[in-house]
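Here is the structure we will look at.
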Amino acid sequence: MKKEHIGILYVIAGSLIISTGFIFGKIFLEHTNPWSMMLQWFIGGAIAATILVFVRKDLDFHSVLKKHWKHGLILGVTNALAALGWSSGMFLIGPNLLAFIWRLGTLFIILLGVLFLKERLSKVEILGAGLAVAGTVVLSYTNGNGSGLWILLPVMGALAAALHHFASKMFVKDTHPLVLVQMRVIFSLLSISLGVGLVTTLFDSVEFIWLPLHLLPLIFFTGILTAIVSFYLFFKAYEHLDVSKTAVIRTIDPFIVILYVFFIFRELPTEKDVVGGFMIVIGVLISVAHHRVSNQLKQIWKLRSWI
């Protein structure tokens with residue numbers, strides 16, 4: 001099997017697994033708030049990560065942590081911000097809308113390339129970005145309030161997720177994917193714990209709420225699936241594919257979520273949700289596809305000049 005095909009399989013498997021988080025999140029938020037949910041979510045992942053540290057001694061986790069702790073800190077903080085934006089989106093707008101909004105992270109990845117890698121945006125990429133933004137505006141009017149303010153938290157979460165994936169692609173070259181996942185989960189738990197502590201201390205109206213006892217094993221298992229297994233697969237995919245190609249494949253995520261929600265909760269998105277969601281997905285595909293083609297043409301031109 002070709003290296004690229006292996007990477008594609010890793011991405012699809014990761015998407016199928018991480019999309020289950022939308023389902024579990026909907027269930028958990030019936031019993032707790034977003035902050036409390038994410039803290040308990042990452043406890044399960046951190047426990048599994050700690051066990052892996054002791055089982056896989058060949059990875060020499062402690063030496064790598066001492067050398068690359070800044071990598072873990074960057075991944076942990078950005079992932080914690082993404083997780084809190086995601087959980088707030090789950091609470092405010094539900095899984096179907098959130099799955100489409102989350103694809104904006106792909107556009108943010110391209111913009112990060114413009115900022116840090118000095119890449120240029122073409123007219124086609126700007127058109128695709130504009131279409132995606134228009135789709136976001138359509139979704140913001142779904143509830144009829146027209147303000148769109150409620151959609152800002154998941155959008156900011158998508159930006160944090162883009163920063164996380166952008167950094168992951170750079171760090172995976174120096175660190176084993178499993179060690180990267182371990183550092184990411186541990187630093188994420190520390191960051192979320194600090195955030196929850198600050199919010200509950202500063203605001204009397206916010207309190208930490210434990211899930212019912214019968215749901216605790218499920219959220220710990222969910223944390224292992226979505227925080228460790230799925231991201232291990234994505235990090236493995238980064239060894240075979242570039243970030244933009246991975247992003248193209250992950251445009252299937254919202255449709256996986258819609259299928260999960262339909263089969264489990266018998267809910268379907270509204271017509272406006274579908275229109276706005278498709279505008280986002282098509283806009284992202286236009287921008288990423290053109291971004292890949294233009295980069296490949298630049299490489300061909302450099303090769304031609306060298307010859």
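Here residue 251 clears all of (1) assigned to a helix (DSSP H, G or I); (2) at pLDDT 80 or above except the condition numbered (2). Of the residues in the stretch 255-272, at least one is part of a loop (DSSP other than H, G, I, E, B), of a type in the set (D, E, K, R) and either in contact (Cβ under 8 Å) with a residue 60 or more places away in the chain or exposed (fewer than 14 other Cβ atoms within 10 Å of the Cβ) (or both). Scanning the stretch 176-192 finds one or more residues that are outside any helix (DSSP H, G or I), out of contact with any strand residue (DSSP E or B) (no Cβ under 9 Å at 6 or more places or on another chain), over 23 Å from residue 32 (Cβ atoms) and not charged (D, E, K, R). Annotation note: of 98, 111, 115, the sole residue that is in contact with a helix residue (DSSP H, G or I) (Cβ under 6 Å, 6 or more places away or on another chain) and either in a helix (DSSP H, G or I) or of a type in the set (D, E, K, R) (or both) is 98.
For the stretch 14-38, the candidate set comprises residues that are touching a helix residue (DSSP H, G or I) at 6+ places or on another chain (Cβ under 8 Å) and not in a helix (DSSP H, G or I); within that set, the residue that is nearest to residue 199 (Cα to Cα) is 33. The set of residues in the stretch 168-189 that are of a type in the set (A, V, I, L, M) and farther than 20 Å from residue 49 by Cα contains only 170. Quick one: which residue in 78, 50, 106 is among the polar types (S, T, N, Q), surrounded by fewer than 18 Cβ atoms within 10 Å (Cβ to Cβ), part of a helix (DSSP H, G or I) and in contact (Cβ under 8 Å) with a residue 40 or more places away in the chain? None of the other options fit; the residue is 50.
When residue 77 is tested against (1) aliphatic (A, V, I, L, M); (2) touching a Pro at 6+ places or on another chain (Cβ under 7 Å); (3) at pLDDT 90 or above, exactly one condition is not met: (2). Taking the criterion of being of a type in the set (S, T, N, Q) and over 16 Å from residue 33 (Cα atoms), the residues of the stretch 201-237 that qualify are 222, 226, 230. Report yes if residue 13 is under 19 Å from the mean Cα position of the chain (by Cα) and either modelled with pLDDT under 90 or buried (at least 22 other Cβ atoms within 10 Å of the Cβ) (or both), otherwise no. No. Restricting attention to the stretch 197-248, the residues that are assigned to a helix (DSSP H, G or I), in contact (Cβ under 8 Å) with a residue 24 or more places away in the chain and either of a type in the set (A, V, I, L, M, F, W, C) or surrounded by fewer than 13 Cβ atoms within 10 Å (Cβ to Cβ) (or both) total 20.
Return yes when residue 139 is outside any helix (DSSP H, G or I), among the aliphatic types (A, V, I, L, M) and modelled with pLDDT under 75 and no when it is not.
Against the criterion (outside any helix (DSSP H, G or I), among the aliphatic types (A, V, I, L, M) and modelled with pLDDT under 75), residue 139 does not qualify.
Checked against (1) over 20 Å from residue 253 (Cβ atoms); (2) part of a helix (DSSP H, G or I), residue 87 meets all criteria but (1).
Of the residues making up the stretch 265-307, those that are more than 18 Å from residue 131 (Cβ to Cβ), modelled with pLDDT of 50 or more and among the hydrophobic types (A, V, I, L, M, F, W, C) are 265, 268.
The values are calculated or read from the model by the stated rules, or taken from the named source; none is laboratory data. Bear in mind the structure is a predicted one, so any value in this text is a computation, not a measurement. As a convention, Cβ positions derive from the backbone with ideal geometry for all residues, glycine included, and neighbour counts pool all protein chains shown.
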